[in-house]
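The structure under discussion appears below in the form of structure tokens.
The values are calculated or read from the model by the stated rules, or taken from the named source; none is laboratory data. Because the structure is predicted, anything quoted here is derived from the model rather than measured. Every residue, glycine as well, gets a Cβ built from its backbone with ideal geometry; the counts of neighbours run over all protein chains shown.
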Amino acid sequence: MKFSEEPKVNRPGAGTGVGIRKKGVTGVRSWLLLDSTGDTHVIQAGKHAIMRRTGLPARDLRILDPLLSYPSTILGRERAIVINLEHIKAIITANEVLLLNSKDPSVTPFVDELHSRIVRYHSHASKTPNHDSKEDQENGIKILPFEFVALEACLEAACGVLDNELRDYVDDTENYINIMLDDKQNHLLQMGVILSTATVVVNAFTVVADVLGINIHIPLFDDGGIKEFLWTICGSTAGAIFFFMLAILWFKHKGLLE
């Protein structure tokens, strides 16, 4: 779909510093105009020109200002509908659509879809002149007014964006949950390694008690006393702690533990 630009009219002061400042003050912007026949062209219009063309007050046009942050809004007025939905900023009247930021890559698919719908609408409306009260004999459905056709396209485009965002959010949340579960599983595995190591060391410590508990006569029982018993217990404990720490350091060196 090709857009045609209206011819520019030379005005006094054009090309001078005064003309540039005046343009900035009046807020002239490029609007893509799609009429009810499917014709499209770009117009340069300021805020007051749009107000006269659509009958909208200045406060309604503020929600279309890209420099201001407004929530998604649909305003229904006597002569126009103001649309601010996601990336779509438009004004819909009874016979035309004025669209801002039409050159935005995210808006281009919507412009193509809206243009194709308007062309179909014009084709059906030309076959059924009284389409407000009669049904299209070809498709068996009632032809909606032009502004409803344009509004439907805007709503479907906005819902499509939200659906993709909601789907992306769900996917991101699912990935985040899987990452958290994997992290928790790794911590549990590391805890299992530590507990298993501690179990082996404790079992090695109990071997000393088992050996001393055997009912076999050894020289330690003849010459030993409480002092030798305490040395045995303390030595076994220190040895168990030493081997446990040595095992933990080795696991960290191999990357098995954080």
Discussion item. So, Glu228, is that one outside the structural domain of His87 (by TED's automatic domain parsing), in contact with a helix residue (DSSP H, G or I) (Cβ under 9 Å, 6 or more places away or on another chain), loosely packed, with under 10 Cβ neighbours inside 10 Å and at pLDDT below 85 or not?
Written reply: no
Item to complete: Would you check if Ser116 is surrounded by fewer than 17 Cβ atoms within 10 Å (Cβ to Cβ) and at pLDDT below 90?
Response: no
Discussion item. List the residue pairs whose Cβ atoms are under 6 Å apart, where the first residue sits in the stretch 168-196 and is at pLDDT below 90, the second is surrounded by 10 or more Cβ atoms within 10 Å (Cβ to Cβ) and not polar (S, T, N, Q), and the two are 6 or more positions apart or on different chains.
Written reply: Gln190/Leu257
Discussion item. Just to be sure I understand, how many residues within the stretch 62-103 are surrounded by 14 or more Cβ atoms within 10 Å (Cβ to Cβ) and either under 15 Å from Leu33 (Cα atoms) or touching a Phe, Trp or Tyr at 6+ places or on another chain (Cβ under 7 Å) (or both)?
Written reply: 19
